1. Being within 13 Å of chain A (Cβ to nearest Cβ) and of a type outside the set (A, V, I, L, M, F, W, C) is the filter here; which residues of segment B:5-31 pass it?
2. Residue under question is A:ARG299, and the condition is that it be farther than 30 Å from A:GLY162 by Cβ, over 23 Å from the mean Cα position of the chain (by Cα) and either crowded, with 18+ Cβ neighbours inside 10 Å or touching a residue at least 40 places away in the same chain (Cβ under 8 Å) (or both); does it hold?
3. Name the single residue, out of those in segment A:40-67 being polar (S, T, N, Q) and surrounded by fewer than 24 Cβ atoms within 10 Å (Cβ to Cβ), that is nearest to A:PHE335 (Cα to Cα).
4. Quick one: in segment B:49-94, of everything that is away from every other protein chain (no Cβ under 14 Å), touching a Leu at 6+ places or on another chain (Cβ under 9 Å) and part of a loop (DSSP other than H, G, I, E, B), which residue is modelled with the highest pLDDT?
5. So is B:TRP99 in contact (Cβ under 8 Å) with a residue 24 or more places away in the chain, in contact with a Gly (Cβ under 6 Å, 6 or more places away or on another chain), aromatic (Phe, Trp, Tyr) and outside any strand (DSSP E or B) or not?
6. Go through segment A:264-292 residue by residue and tally those that are more than 18 Å from A:LEU82 (Cα to Cα) and part of a loop (DSSP other than H, G, I, E, B).
7. Only one residue in A:VAL199, A:VAL300 is under 25 Å from A:THR329 (Cβ atoms), at pLDDT 95 or above and assigned to a strand (DSSP E or B). Which one?
8. Being surrounded by fewer than 18 Cβ atoms within 10 Å (Cβ to Cβ) and either within 24 Å of the chain's Cα centre (by Cα) or away from chain B (no Cβ under 14 Å) (or both) narrows it down to one of A:PRO311, A:PRO322, A:PRO284, A:PRO264, so name that one.
Amino acid sequence: MAESSAESDSPTEGELSRTALHDLHLELGARMVPFAGYDMPVQYEGVKSEHLHTRSAAGLFDVGHMGVVDLHGDPAVVAEALESMMPSAFTRLGQGRMRYSFLTNEAGGIIDDLMVSRLPDRFRIVWNASRKDIDLAHARAMIGDRVEIRPRGDLTLVALQGPTAVDVLARLATAGGGAEVEEMVFMDVGTVEITGVPVGISRSGYTGEDGFELAVPVDAAEGIVRSLLAQPEVAPAGLGARDTLRLEAGLCLYGNDLDEATTPVEAGLVWAMQKRRREQGGFPGDGTILAQLREGPRRVRVGIRPTGRRPVRDHSSLAAEPGGPPVGTVTSGGFGPTVDAPVAMGYVPTEMSEVGTSLSADVRGRPEEVVVAALPFVPHHYHRGGAAR
Amino acid sequence: MDVPSDLLYSTDHEWARREDGRVRVGITDYAQDSLGDVVYVDLPPVGTEVEASAGFGEVESTKSVSDLFAPVSGKVVEVNESLTDTPELINSDPYGEGWLVVIEPSDPSQLDSLLDAAAYAELTGN
């Protein structure tokens, strides 16, 4: 037995960075892998059990490799600056709210996808580990003249995801911080105190489940995570489960499903571009993106279900029929533990994107029948609250 | 890691058990643990001729694909069909219910070049 096309696509090289929870991962018996320049836990007990536990109770993920920056300045100026480099609307983003968006390049491609939140006295961006240096240089070049951009190396991020995450956090959070955990809805942002330490929280995540992301002071991170892990509902979960959870939820992974040659229209992320931005543009690549909105993109991201049990992984090419010329590519693929079947996403020509369309994937030289499927594969369970906001 | 003393082992982390002139083959406890949750196994049909140290199938976990290498040359005479629906047997019982194939060796002397349990345990740092 020998690994052939494993996920060792991140080569072990040089010095890997460590998150604030590195020692704890080793203590918990995690299997560590290099990811985006960090030595990260891919699994503790096993990908499947961590995945299923997150869907049924609560999984705790170290996402301390991601980048956090705060943006200071007059709120109107910062919001307009954000709009100059992203196609979402920020001028009316309410205090205590968060929004998914992306940096676009002049060709309309995606430099990175990210979260923007509005805190009482600043805006905050969380972006991908693999892109944070590029993102920071890009943001400084585009808006550094009018917005003060401060990387928050003093903070680290953890995600508590799953249906019982809210109970756990409500139990541990004391009112000192001001936010009422149970009152928060999806994409709300607030501050609580855990073990006496102020923690920024948002009701968000990347698993398709209800849950929270926590911005924790680095020097208090291990203690807070230990107190979370001490709760009976909570089990640690690694990058392996994070990947299968987000794939089942139909969420994009930068570098796989999104890149600088892929537009938000092709990626099916137009929902993150509010009406005014879709109509008026005013962001990098708006010419291409608005034209694609009018005329329709030539290719689009779709869900893909292999009809058999064999997983179809990223980089597999897609054809209209076995042995036919490639018409598309799988960008994420694997086995979905909740679906209990292989699941994938990829890009296909628009005319082949209808749900139910049969295609053939080339899996290491062998054709596998696949069908275009609706996304997400597992329904989202976000806590949206009673009224629309 | 479990390394039964009555089996032979390849450096590719397969085990081989002599059974009346035939050889039952699987992957080791060390291999299944390294792989993680097995979700799919691709095995050749009965009758396929396989060659020692050449790939004869694939085993896929939640995150990776690995080639399976035959410990001896010969003909596949039995395939573990239950792995089609329950590939996780490889994780739960790698030396028992999780066996892969039975090979009728063309050159039984090839078995002599495999490792014994002590040598395999040393190879895997046990």
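The values are calculated or read from the model by the stated rules, or taken from the named source; none is laboratory data. Not measured: the values here are computed from a predicted model. In this analysis, Cβ positions are derived from the backbone assuming ideal geometry, glycine residues included, and neighbour counts consider all displayed protein chains.
1. Answer for segment B:5-31, where residues must be within 13 Å of chain A (Cβ to nearest Cβ) and of a type outside the set (A, V, I, L, M, F, W, C): B:TYR9, B:SER10, B:THR11, B:ASP12, B:HIS13, B:GLU14, B:GLY26, B:THR28, B:ASP29, B:TYR30.
2. Criteria not met by A:ARG299.
3. Only one residue tops the list, namely A:SER49.
4. Here the answer is B:ASN80.
5. For B:TRP99, the condition - in contact (Cβ under 8 Å) with a residue 24 or more places away in the chain, in contact with a Gly (Cβ under 6 Å, 6 or more places away or on another chain), aromatic (Phe, Trp, Tyr) and outside any strand (DSSP E or B) - is met.
6. Qualifying residue count for the region: 4.
7. It is A:VAL300.
8. Working: A:PRO311 fails: surrounded by fewer than 18 Cβ atoms within 10 Å (Cβ to Cβ); A:PRO284 fails: surrounded by fewer than 18 Cβ atoms within 10 Å (Cβ to Cβ); A:PRO264 fails: surrounded by fewer than 18 Cβ atoms within 10 Å (Cβ to Cβ).
Only one candidate passes the filter, namely A:PRO322.
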